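One structure is given here, and the rest of the page talks about it.
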Amino acid sequence: MTLQGKVALVAGATRGAGRGTAVELGAAGATVYVTGRSTRDNPSEYARPETIEETAELVTALGGKGIAVQVDHLISQDVGKLIDRIRAEQGRLDILVNDIWGGEKLFEWNKPVWEHNLDNGLRMLKLGIDTHLITAHHALPLMIERPGGLLVEVTDGTAEYNADHYRLSPFYDLAKVSVTRMAWAHAKDLAAHGATSVSLTPGWLRSEMMLEAFGVTEENWREATAKVPHFVISETPRFIGRAIAALAADPDRSRWNGQSLSSGGLAQIYGFTDVDGSRPDAWRYVPEIQDAGKPADAAGYR
């Protein structure tokens, strides 16, 4: 699988799924613009060590070309400048991955709208929905100049699962369901230009923040299952990156246009694995094992 000569923008690539995606696109040979708010000289309110420069360096180290650009995707003018730069430097955009989020510290679990902090909830919607629309508005005109472009809207949960499961709070629920619908809507507009739009969800992601919260590292992550047994189905951020790289390299990817996909589901079709050689299928495991109240057991699911 090769993406040599392809140009990608991973919006929201500082850490987590965005970083994993940028790295895997780079490993396939793509030129990858990685954006976010956290730089070595100017971190975001997250106050975490991960930076876009570090992500770009990882992309380059694996054979691609990583280009870090600090962008707040809520600021339309700045996103427009980013796309102008990509046009000037590359003359094309083949892959757009909308992974912008930034709401981990804003949502309150299992609180109704009248108990949830309103300012935090509304901020979450802007970060999770407005950013994606602003970026698509500016980036898609460049992408459709050549047929075959791919737009991936990253969310949490498949359309099937989210349709009848309440996702933590009204604000979080709306943010994640909206992204799925957004990808479906973009698919209607992009089809006429020979481009493909999908929504894609990882499973239980072993992001930097998740590992830290559980007091483990990627090397000893299984120790967390002693307290959180269903963490046994978790996956690295590079797994969804491999899903996106497989989609981008598939000449028949238009068959997925408008669909809601998962990293685990695509692994069964394209044959890629996580970094440990497994194929965790979280969105089959969660309803069949976790939600069914069965003991944690990933046998047959990874």
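Values computed for the structure shown
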quantity: Subset tally (residues that are charged (D, E, K, R), touching a Lys or Arg at 6+ places or on another chain (Cβ under 7 Å) and more than 21 Å from residue 106 (Cα to Cα)) for region 13-62; calculated: 2
quantity: Residue count for region 167-185, restricted to those that are over 18 Å from residue 122 (Cα atoms) and part of a loop (DSSP other than H, G, I, E, B); calculated: 0
quantity: Selection count where residues are surrounded by fewer than 18 Cβ atoms within 10 Å (Cβ to Cβ) and not basic (Lys, Arg), scope region 130-155; calculated: 7
quantity: Listing of helices (runs of 4 or more DSSP H) fully contained in region 186-302 that carry 3 or more residues being farther than 16 Å from residue 150 by Cα, without any contact (Cβ under 8 Å) to a residue 12 or more places away in the chain and basic (Lys, Arg); calculated: none
quantity: Count of residues meeting criterion [over 17 Å from the mean Cα position of the chain (by Cα) and surrounded by 14 or more Cβ atoms within 10 Å (Cβ to Cβ)] in region 258-271; calculated: 1
quantity: Hey, residue 120 within 24 Å of residue 262 (Cβ to Cβ), out of contact with any Pro (no Cβ under 7 Å at 6 or more places or on another chain) and outside any loop (DSSP other than H, G, I, E, B) or not; calculated: no
quantity: Test: residue in region 264-276 that is of a type in the set (S, T, N, Q) and touching a Ser or Thr at 6+ places or on another chain (Cβ under 6 Å); calculated: no
quantity: Answer residue from region 53-85, given it is over 18 Å from residue 140 (Cβ atoms) and out of contact with any helix residue (DSSP H, G or I) (no Cβ under 9 Å at 6 or more places or on another chain) and is surrounded by the most Cβ atoms within 10 Å (Cβ to Cβ) among those; calculated: 53
quantity: Within region 1-27, tally of residues that are polar (S, T, N, Q) and over 14 Å from residue 95 (Cα atoms); calculated: 1
quantity: Condition met for residue 23 (closer than 18 Å to residue 142 by Cβ, among the hydrophobic types (A, V, I, L, M, F, W, C), surrounded by 15 or more Cβ atoms within 10 Å (Cβ to Cβ) and at pLDDT 95 or above); calculated: no
quantity: Candidates 279, 284, 255, 302 - the one that is farther than 21 Å from residue 139 by Cβ, over 16 Å from the mean Cα position of the chain (by Cα), surrounded by fewer than 22 Cβ atoms within 10 Å (Cβ to Cβ) and at pLDDT below 95; calculated: 302
quantity: Among (1) of a type outside the set (Ser, Thr, Tyr); (2) more than 18 Å from the chain's Cα centre (by Cα); (3) farther than 25 Å from residue 23 by Cβ, the one test that residue 167 misses; calculated: (2)
quantity: Output for region 189-230, where each listed residue is surrounded by 14 or more Cβ atoms within 10 Å (Cβ to Cβ), farther than 17 Å from residue 290 by Cα and hydroxyl-bearing (Ser, Thr, Tyr); calculated: 196, 197, 199, 201, 207
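The values are calculated or read from the model by the stated rules, or taken from the named source; none is laboratory data. Keep in mind it's a predicted model, so treat the numbers as computed, not measured. Backbone-built Cβ (ideal geometry, glycine too); neighbour counts: all protein chains shown.
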